[in-house]
1. When both residues are 6+ apart or on different chains and their Cβ atoms are under 6 Å apart, which pairs have a first residue that lies in segment A:294-317 and is touching a residue at least 40 places away in the same chain (Cβ under 8 Å), and a second that is acidic (D, E)?
2. Residues that are among the aliphatic types (A, V, I, L, M), more than 19 Å from A:S16 (Cβ to Cβ), modelled with pLDDT of 95 or more and outside the structural domain of A:R177 (by TED's automatic domain parsing): does segment A:105-127 have at least one?
3. What do you reckon, is A:G170 in the same structural domain as A:F269 (by TED's automatic domain parsing), under 20 Å from the mean Cα position of the chain (by Cα) and on the phi > 0 side of the Ramachandran plot?
4. Of the numbered conditions (1) on the phi > 0 side of the Ramachandran plot; (2) part of a helix (DSSP H, G or I), B:V190 fails exactly one; give the number of that condition.
5. For segment A:90-104, how many residues are modelled with pLDDT of 95 or more and small (G, A, S)?
6. Find the residue count for segment B:33-69, including only residues that are under 19 Å from B:D217 (Cα atoms), facing chain A (nearest Cβ under 10 Å) and in contact with a strand residue (DSSP E or B) (Cβ under 6 Å, 6 or more places away or on another chain).
7. Read through the list (1) outside any helix (DSSP H, G or I); (2) in the same structural domain as A:P83 (by TED's automatic domain parsing); (3) among the charged types (D, E, K, R), then give the number of the only condition that A:R179 fails.
8. If the requirement is being out of contact with any strand residue (DSSP E or B) (no Cβ under 9 Å at 6 or more places or on another chain), surrounded by fewer than 22 Cβ atoms within 10 Å (Cβ to Cβ) and assigned by TED's automatic domain parsing to the domain that holds A:D211, which of these qualifies: A:E256, A:E267, A:E302?
Number of protein chains: 2
Amino acid sequence: MPQDEFDWIQKHIPASQFHAELVQGIGDDAAVYAPPSSYDQLYCVDTLVEHVHFKRETMSPSQIGYKALVVNISDIAAMGGIPLFYLVSIAIPSHWNDKELDLIYQGMKEAGEEWHLDMIGGDTVSSPNDLVISVTVGGKVEKERALLRTYARPGDYVFLTGPTGLSAAGLHVLLSRGRHTVDDKERIIVDAHQKPKPHVNAGRIALQLHDRIALNDVSDGLASELWEIAEASNVSIHIHKDKVPVAKELNMFPEEKRWEWIFFGGEDFVLVGTIPPYAWERYRTLMKEAGLPLYHIGLVEEGEVTVKVSEKEETTILPKDGYNHFK
Amino acid sequence: MPQDEFDWIQKHIPASQFHAELVQGIGDDAAVYAPPSSYDQLYCVDTLVEHVHFKRETMSPSQIGYKALVVNISDIAAMGGIPLFYLVSIAIPSHWNDKELDLIYQGMKEAGEEWHLDMIGGDTVSSPNDLVISVTVGGKVEKERALLRTYARPGDYVFLTGPTGLSAAGLHVLLSRGRHTVDDKERIIVDAHQKPKPHVNAGRIALQLHDRIALNDVSDGLASELWEIAEASNVSIHIHKDKVPVAKELNMFPEEKRWEWIFFGGEDFVLVGTIPPYAWERYRTLMKEAGLPLYHIGLVEEGEVTVKVSEKEETTILPKDGYNHFK
């Protein structure tokens, strides 16, 4: 356990800062930030709890730190925004040693460097039993142009910026055998769980279309996110199962498991959204030029709020049951 | 335990909002906020952990919620700022029931209404053992005018906006007998621990002087906060013990305990700062007009970084040992 919170935090402050808007970082009662006038500010918070969101057997300390930050970066991406900074609150039980805690901060630092976020504040406290990391991220988005989940309209295409289900498959492997015996062929799905990559560029490209695009990140499972858009926009969403991408890394699992993970797995951090048909080709072109995948998986329709999935002649309701911490 | 996070959060969103700058609150991946152009933004985070910062025996659920928010408001006050909004992350073990959780949110709402903060986001997750509440608060302060702890200079007066030690005395009572058997004569000290009042107005009045004022809130004990200012400003601080206010509510305790709490107790959330002598009379007058206490307790001096306390002819070093979570 670190002896002094102040020294501890000092040690982990990155030497350089990415954003000139940061006037005063760690070292006073609050951070001071001079927001650029042509942007709105974005804020989100996500918490990872030991034994709930991770275990020592499934995630290394640096992966825990990395993931605690990127799950929030993904929320900024889902608004079409640019992540800027983060504050870290960490509650530490005595069974985590200094070396492991250093690695947690190093994991956050790695993610911060990858997406250019400044660490601007934090609180380090002790915890009687479980490690709890709560990260708040701030970002910016061009004024009045955040991509909201209320923006879906009948006629829009439904898109996905990457395949889903990989993280859940990776977790399945990790829970079966632990993180020290991962096969080469399982590396991609395990990485998807341990070190997910938020789709910041895909969100920025969507925003730069200047169109009415509804956007969510797939943190709680594809079905759950589609339901959120349908409910927020008061529309029906109709997915075609044969258009939903299936990553080849899932082929080693039974078909039933595969689809369970694709629709309900969660923690994939790809983006799902809706876009007017006239904007589709342009988005597709820009994504292709950026080397990023994009899948057209269905349509927004008039009618009662629902999410339907069609396979051949058959159409059924896609249940909402994504990952829910209270189930 | 709440069945669905979304419904749960929906229930606790206040019906009205205080700040027009809030474009989009809870209900999307991130909150959207349009910052006013003549202000810098302020950010801080504080975490309360069950069995570390509170126990069911010392704090009611609504007091826990209230305090989780006001400890952060106090950090904004210590920058001379105006608190604006908060994000709540709460990790809930199964031994806390829905009714108690409602009360925690009600406590936060009460504090939010008292200081006009909008709840703009959150994360609600389960916890295997202990309740953990982490609150991030955003505020604003006039551009380039935040009151920093680096601002102390030799010759400045050292001031305090209220007596210290009450919260520690209150905690002493609560730990001895629990929260259900508090005497009338102990009510003020127990309230100081359970429902502290951040000194937002005192901070705003200090800021409006347009002077070089260093400011801290007394979260970690008066000695520790004085050391922080001395270190950040590279000065020596010299306190006169007979000028340090002693609340009459502490008179029922032995003298040694009393001074231990006054210097090292912590969680008082009054403000301690330094001010150039020429600005002192104006601050005193404005504070008096606002009906707020203000104490001149010492001087900033040249020399090695230290905090000294004089009593009659004797001067000693005031040890730094405030409340430190790692001791």
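The values are calculated or read from the model by the stated rules, or taken from the named source; none is laboratory data. Note that the structure is predicted; figures quoted are calculated from it, not measured. Cβ sites come from the backbone with ideal geometry, for glycine too, and all protein chains shown count toward neighbours.
1. Every condition considered, the pairs that remain are A:V300/A:D156; A:V305/A:E231.
2. If we filter segment A:105-127 for residues that are among the aliphatic types (A, V, I, L, M), which is where we start, we get A:108, A:111, A:117, A:119-120, A:125.
Filter again for more than 19 Å from A:S16 (Cβ to Cβ), leaving A:125.
Okay, now just the ones that are also modelled with pLDDT of 95 or more, so none.
The answer is no, given that none of the residues of segment A:105-127 is among the aliphatic types (A, V, I, L, M), more than 19 Å from A:S16 (Cβ to Cβ), modelled with pLDDT of 95 or more and outside the structural domain of A:R177 (by TED's automatic domain parsing).
3. Numbers: in the same structural domain as A:F269 (by TED's automatic domain parsing): yes; under 20 Å from the mean Cα position of the chain (by Cα): yes; on the phi > 0 side of the Ramachandran plot: no.
So A:G170 fails the test.
4. Of everything listed in (1) on the phi > 0 side of the Ramachandran plot; (2) part of a helix (DSSP H, G or I), B:V190 misses just condition (1).
5. Count: 1.
6. Initially, segment B:33-69 is screened for residues under 19 Å from B:D217 (Cα atoms), giving B:41-48, B:53, B:66-69.
Okay, now just the ones that are also facing chain A (nearest Cβ under 10 Å), so B:41-48, B:53.
Right, trim to in contact with a strand residue (DSSP E or B) (Cβ under 6 Å, 6 or more places away or on another chain) and you get B:41-48.
Counting residues in segment B:33-69 that are under 19 Å from B:D217 (Cα atoms), facing chain A (nearest Cβ under 10 Å) and in contact with a strand residue (DSSP E or B) (Cβ under 6 Å, 6 or more places away or on another chain) gives 8.
7. (2)
8. Step by step, each of A:E256, A:E267, A:E302 is checked, and only A:E256 is out of contact with any strand residue (DSSP E or B) (no Cβ under 9 Å at 6 or more places or on another chain), surrounded by fewer than 22 Cβ atoms within 10 Å (Cβ to Cβ) and assigned by TED's automatic domain parsing to the domain that holds A:D211.
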